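Enquirer: Structure provided below as structure tokens; questions to follow.
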Amino acid sequence: MMRRLLNERYPGVEFLQWPGGLVASVFSNGYYAPIAVELQNENLEGLEEEGKAVAEVARTVGGVRDVRVQLETDYPEIHVDTIRSRPAW
């Protein structure tokens, strides 16, 4: 009932109902959902595509709701390689 009311009154807004607390966090490994699928890929764009494809399939499974892709690709990032044999003075 809560899901229906919130979706009707706030279309397009994502809601999360989670028990919270330290114990719940420990048992869920920090995830906000009872099912988590982890994907790995060295290519960030490829990983995003794979995540979206998995999410599309998950949405077709009966009873599965609130499917999210956690990958965030819209923020700046910098990668620094340190050559430990050549420290700067």
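The values are calculated or read from the model by the stated rules, or taken from the named source; none is laboratory data. The shown structure was predicted, so the numbers you read here are calculated from the model rather than taken from an experiment. Cβ atoms come from the backbone with ideal geometry, glycine included; neighbour counts cover every protein chain shown.
Enquirer: If a residue must be in contact (Cβ under 8 Å) with a residue 12 or more places away in the chain and more than 12 Å from R65 (Cβ to Cβ), how many such residues does the stretch 1-15 contain?
Expert: The qualifying residues number 1.
Enquirer: Taking helices (runs of 4 or more DSSP H) that do not extend beyond the stretch 2-89, which have at least 2 residues that are modelled with pLDDT of 80 or more?
Expert: The qualifying helices (runs of 4 or more DSSP H) are 2-9, 44-59.
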